[in-house]
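Q: Here it is, the structure, as structure tokens.
The values are calculated or read from the model by the stated rules, or taken from the named source; none is laboratory data. All figures in this text were calculated on a predicted structure; none of them were measured in a lab. All Cβ positions, even for glycine, are placed from backbone atoms using ideal geometry, and neighbour counts span all protein chains on display.
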Amino acid sequence: MFKRVGPICLLLLAAAVPAAADPGMLDKGVFLVATDKIQEGNFQRTVVLLLTYGEGGAVGVIVNRPSSLPLSRLIPDLRLPPDRDISVWQGGPVDPGRMLFLLRSEDDLKGAARAFGDVHMSHDRELLDKVLRKRKYRGRFRILAGYAGWAPGQLEGEIRRGGWMVVPATAADVFTDDPLGLWDRFGPGLGVYRKTGLEPSFRRRYSSTTGSAREEPF
């Protein structure tokens, strides 16, 4: 069934509390790119879109892990168009039985909250049914199972230990046709420095204030 979200996931649909860390570096609407210090576990070679960041922690979803699990397996009563073959993406290790979706639209959408720019997030079944029926949304949405959750202070600690790079996100990268190549384009020593000019020492700019994964990835 299409499950209701729990208290943590509801954070996705609420405005984030302003964070004490530099909002120009770490804020919702940025990518967390796993460095090569994360050699195993749920976050190896991942690109995570940060959806909320504030005093209560942070929430994000992995955007470069498609799966072969069909949406019809998780929502049996969903009426899919006969020409649609839709798979659920792996959003993260927390609560993988719950789903949310990302959608690209210039307009405000009932049942969705704006993540950044023209990217929205939602768990609304009525909106999902509408999106699946309309051709204009093809290639402009992702359905994800699970998410990544950070408690206060954890994400900054992981960054200071060199586990994550922070890169500005774009809608084009969120909905890229080459998700498996996304980490290679941003990965440490590759495109991340060319695209942002960030140096490894940037992580020292953070103070211990807000969120990181509930499961230590490294």
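Q: Please state which one of L109, L74 is within 20 Å of V174 (Cα to Cα) and surrounded by 15 or more Cβ atoms within 10 Å (Cβ to Cβ).
A: Values: L74 fails: within 20 Å of V174 (Cα to Cα).
Going through L109, L74 in turn, the sole match is L109.
Q: Just give me the residues in region 118-131 being part of a loop (DSSP other than H, G, I, E, B) and farther than 24 Å from E55 by Cβ, in sequence order.
A: Those that are part of a loop (DSSP other than H, G, I, E, B) and farther than 24 Å from E55 by Cβ: D118, D124.
Q: Return the residue satisfying two criteria in turn: it lies in region 132-166 and is surrounded by fewer than 21 Cβ atoms within 10 Å (Cβ to Cβ) and assigned to a helix (DSSP H, G or I), and of such residues it is modelled with the highest pLDDT.
A: Q154
Q: Also: Return yes when R79 is among the charged types (D, E, K, R), outside any loop (DSSP other than H, G, I, E, B), farther than 17 Å from T170 by Cα and at pLDDT below 80 and no when it is not.
A: Working: among the charged types (D, E, K, R): yes; outside any loop (DSSP other than H, G, I, E, B): no; farther than 17 Å from T170 by Cα: yes; at pLDDT below 80: yes.
No; evaluated as a whole, the condition is false for this residue.
Q: Go over the candidates T35, T52 one by one and state the one that is modelled with pLDDT of 90 or more and crowded, with 20+ Cβ neighbours inside 10 Å. Talk me through it step by step, then tell me what you get.
A: Details: T35 fails: modelled with pLDDT of 90 or more.
Only one candidate qualifies: T52.
Conditions (1) assigned to a strand (DSSP E or B); (2) among the hydroxyl-bearing types (S, T, Y); (3) at pLDDT 90 or above, marked per residue:
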| position | (1), (2), (3) |
| --- | --- |
| K3 | no, no, no |
| P18 | no, no, no |
| A21 | no, no, no |
| F31 | yes, no, yes |
| Q39 | no, no, no |
| F43 | no, no, yes |
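Q: Look at G57 and say whether it is small (G, A, S), touching a His at 6+ places or on another chain (Cβ under 9 Å) and surrounded by 14 or more Cβ atoms within 10 Å (Cβ to Cβ). Please lay out each step first, then the result.
A: Numbers: small (G, A, S): yes; touching a His at 6+ places or on another chain (Cβ under 9 Å): no; surrounded by 14 or more Cβ atoms within 10 Å (Cβ to Cβ): yes.
No: the conditions fail for G57.
Q: How many residues does region 90-106 contain that are under 19 Å from T170 (Cα atoms), part of a loop (DSSP other than H, G, I, E, B) and in contact with a Phe, Trp or Tyr (Cβ under 9 Å, 6 or more places away or on another chain)?
A: Total meeting the criteria: 2.
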